[in-house]
Amino acid sequence: MLNLSKPITRCSYGRYHMKKASKYSIYRNRPFAVVVAVFLLFSIVSCKNNTNEKPQAQTNNSIITSIDNVEQLNKILEISNERLLIFEFYADWCPPCKELAPILEKIAKEKSATVAIYKIDIDRHRELSNSFRVTGIPHVAFVKNKENVFSLTGLYPKTMYLKVIEQYTKPAES
(Lines give C-alpha, C1' and ligand atoms only; values in the text may rest on other atoms or scores of the structure.)
Protein backbone atom coordinates (compact mmCIF):
# COMPACT_ATOMS: atom_id res chain seq x y z
CA MET A 1 0.00 0.00 0.00
CA LEU A 2 1.28 3.43 -0.95
CA ASN A 3 1.78 5.91 1.87
CA LEU A 4 0.50 9.34 0.63
CA SER A 5 1.50 11.22 3.75
CA LYS A 6 5.01 11.63 2.26
CA PRO A 7 5.64 13.18 -1.13
CA ILE A 8 7.13 11.09 -3.92
CA THR A 9 10.21 12.68 -5.53
CA ARG A 10 12.58 11.75 -8.32
CA CYS A 11 16.23 11.54 -7.45
CA SER A 12 19.12 12.61 -9.68
CA TYR A 13 19.67 9.16 -11.18
CA GLY A 14 16.00 8.68 -12.27
CA ARG A 15 14.56 6.53 -9.53
CA TYR A 16 11.46 7.48 -7.55
CA HIS A 17 11.48 7.27 -3.81
CA MET A 18 9.59 8.58 -0.80
CA LYS A 19 10.97 11.81 0.59
CA LYS A 20 11.25 12.05 4.34
CA ALA A 21 8.77 14.62 5.66
CA SER A 22 10.57 17.59 7.11
CA LYS A 23 9.61 19.47 10.23
CA TYR A 24 7.83 22.14 8.16
CA SER A 25 6.25 19.94 5.52
CA ILE A 26 2.61 20.56 4.66
CA TYR A 27 2.07 16.82 4.44
CA ARG A 28 3.10 16.37 8.04
CA ASN A 29 0.56 18.96 9.20
CA ARG A 30 -2.30 17.81 6.97
CA PRO A 31 -4.75 16.97 9.80
CA PHE A 32 -4.20 20.40 11.32
CA ALA A 33 -4.71 22.09 7.92
CA VAL A 34 -7.97 20.18 7.40
CA VAL A 35 -9.27 21.24 10.82
CA VAL A 36 -8.37 24.88 10.15
CA ALA A 37 -10.00 24.79 6.70
CA VAL A 38 -13.22 23.31 8.09
CA PHE A 39 -13.28 25.88 10.90
CA LEU A 40 -12.83 28.76 8.44
CA LEU A 41 -15.54 27.40 6.17
CA PHE A 42 -18.06 27.15 9.01
CA SER A 43 -17.15 30.56 10.40
CA ILE A 44 -17.67 32.21 7.01
CA VAL A 45 -20.99 30.45 6.46
CA SER A 46 -22.25 31.34 9.94
CA CYS A 47 -21.40 35.05 9.53
CA LYS A 48 -24.12 35.77 7.01
CA ASN A 49 -26.16 38.90 7.71
CA ASN A 50 -28.97 38.36 10.20
CA THR A 51 -31.97 40.10 8.65
CA ASN A 52 -34.06 39.80 11.83
CA GLU A 53 -32.07 42.52 13.55
CA LYS A 54 -32.87 46.05 12.45
CA PRO A 55 -31.06 49.17 13.63
CA GLN A 56 -33.03 51.30 16.06
CA ALA A 57 -33.25 54.28 13.69
CA GLN A 58 -34.89 52.28 10.91
CA THR A 59 -38.05 51.20 12.69
CA ASN A 60 -40.90 52.74 10.71
CA ASN A 61 -43.80 51.23 12.66
CA SER A 62 -42.57 52.83 15.88
CA ILE A 63 -44.65 55.09 18.09
CA ILE A 64 -41.45 56.95 18.89
CA THR A 65 -40.53 59.61 16.31
CA SER A 66 -36.95 60.36 15.27
CA ILE A 67 -35.81 63.96 15.26
CA ASP A 68 -33.51 64.84 12.38
CA ASN A 69 -32.68 68.54 12.81
CA VAL A 70 -32.88 71.57 15.11
CA GLU A 71 -35.84 73.06 13.25
CA GLN A 72 -37.89 69.91 13.84
CA LEU A 73 -36.99 69.99 17.55
CA ASN A 74 -37.97 73.65 17.84
CA LYS A 75 -41.30 72.99 16.09
CA ILE A 76 -42.06 70.13 18.50
CA LEU A 77 -41.22 72.34 21.49
CA GLU A 78 -43.46 75.15 20.18
CA ILE A 79 -46.57 72.99 19.73
CA SER A 80 -46.12 70.93 22.93
CA ASN A 81 -47.90 73.39 25.28
CA GLU A 82 -48.29 71.66 28.68
CA ARG A 83 -47.54 68.15 27.40
CA LEU A 84 -44.55 66.25 28.79
CA LEU A 85 -41.98 65.48 26.09
CA ILE A 86 -39.40 62.72 26.45
CA PHE A 87 -36.24 62.80 24.34
CA GLU A 88 -34.10 59.67 24.17
CA PHE A 89 -30.51 60.24 23.06
CA TYR A 90 -29.04 57.01 21.72
CA ALA A 91 -26.50 55.45 19.34
CA ASP A 92 -26.94 52.38 17.15
CA TRP A 93 -23.79 50.78 18.58
CA CYS A 94 -24.84 51.19 22.25
CA PRO A 95 -26.13 47.96 23.94
CA PRO A 96 -27.93 49.73 26.84
CA CYS A 97 -29.66 51.96 24.26
CA LYS A 98 -30.93 48.85 22.48
CA GLU A 99 -32.28 47.55 25.81
CA LEU A 100 -33.99 50.87 26.53
CA ALA A 101 -35.80 51.07 23.17
CA PRO A 102 -38.48 48.41 23.93
CA ILE A 103 -39.03 49.90 27.40
CA LEU A 104 -39.77 53.31 25.91
CA GLU A 105 -41.94 51.71 23.20
CA LYS A 106 -44.13 50.15 25.92
CA ILE A 107 -44.29 53.44 27.83
CA ALA A 108 -45.24 55.28 24.62
CA LYS A 109 -48.14 52.86 24.08
CA GLU A 110 -49.32 53.03 27.69
CA LYS A 111 -48.98 56.78 28.19
CA SER A 112 -49.70 58.09 24.67
CA ALA A 113 -52.37 60.45 26.03
CA THR A 114 -50.01 62.23 28.43
CA VAL A 115 -46.50 62.07 26.91
CA ALA A 116 -44.80 62.21 23.54
CA ILE A 117 -41.52 60.35 23.10
CA TYR A 118 -38.86 61.26 20.55
CA LYS A 119 -35.43 59.81 19.83
CA ILE A 120 -32.26 61.52 18.68
CA ASP A 121 -29.18 59.72 17.31
CA ILE A 122 -26.16 61.42 18.87
CA ASP A 123 -23.81 60.27 16.11
CA ARG A 124 -25.89 61.96 13.41
CA HIS A 125 -27.05 65.00 15.38
CA ARG A 126 -24.24 66.09 17.67
CA GLU A 127 -25.57 69.67 17.92
CA LEU A 128 -28.85 68.43 19.42
CA SER A 129 -27.07 66.31 22.03
CA ASN A 130 -24.83 69.27 22.89
CA SER A 131 -27.86 71.52 23.42
CA PHE A 132 -29.18 69.06 26.04
CA ARG A 133 -25.69 68.63 27.57
CA VAL A 134 -25.62 64.88 26.99
CA THR A 135 -22.51 63.37 28.58
CA GLY A 136 -23.40 59.68 28.35
CA ILE A 137 -25.89 57.41 26.65
CA PRO A 138 -28.59 56.37 26.89
CA HIS A 139 -29.75 59.80 28.04
CA VAL A 140 -33.43 60.50 28.56
CA ALA A 141 -34.50 64.15 28.92
CA PHE A 142 -37.95 65.07 30.24
CA VAL A 143 -39.13 68.44 28.91
CA LYS A 144 -42.21 70.37 29.98
CA ASN A 145 -43.13 73.94 29.00
CA LYS A 146 -39.93 74.16 26.89
CA GLU A 147 -37.75 73.44 29.95
CA ASN A 148 -35.69 70.38 30.74
CA VAL A 149 -37.27 69.37 34.05
CA PHE A 150 -35.47 66.05 34.61
CA SER A 151 -32.79 63.88 33.00
CA LEU A 152 -31.64 60.29 33.38
CA THR A 153 -28.33 59.04 32.05
CA GLY A 154 -27.93 55.29 31.84
CA LEU A 155 -30.35 52.38 31.79
CA TYR A 156 -33.02 52.26 34.50
CA PRO A 157 -35.99 49.96 35.12
CA LYS A 158 -39.31 50.85 33.52
CA THR A 159 -40.73 51.85 36.92
CA MET A 160 -38.20 54.68 37.23
CA TYR A 161 -39.33 56.24 33.94
CA LEU A 162 -42.98 55.81 34.95
CA LYS A 163 -42.36 57.56 38.31
CA VAL A 164 -40.81 60.55 36.58
CA ILE A 165 -43.67 60.68 34.08
CA GLU A 166 -46.21 60.49 36.90
CA GLN A 167 -44.44 63.25 38.82
CA TYR A 168 -44.50 65.70 35.90
CA THR A 169 -47.93 64.83 34.47
CA LYS A 170 -49.93 65.28 37.69
CA PRO A 171 -52.66 67.88 37.36
CA ALA A 172 -51.87 71.11 39.17
CA GLU A 173 -53.29 71.13 42.70
CA SER A 174 -55.42 74.13 43.56
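Regarding N74, is this residue exposed (fewer than 10 other Cβ atoms within 10 Å of the Cβ), in the same structural domain as L152 (by TED's automatic domain parsing) and modelled with pLDDT under 90?
It is false that N74 is exposed (fewer than 10 other Cβ atoms within 10 Å of the Cβ), in the same structural domain as L152 (by TED's automatic domain parsing) and modelled with pLDDT under 90.
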Scanning for something over 14 Å from L100 (Cβ atoms), within 27 Å of the chain's Cα centre (by Cα) and in contact (Cβ under 8 Å) with a residue 24 or more places away in the chain, does the range 149-162 turn up at least one residue?
no
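The values are calculated or read from the model by the stated rules, or taken from the named source; none is laboratory data. As the structure is a computational prediction, the values presented were derived from the model and not from experiment. So basically every Cβ, Gly included, is an ideal-geometry build from the backbone, and we count neighbours across all protein chains shown.
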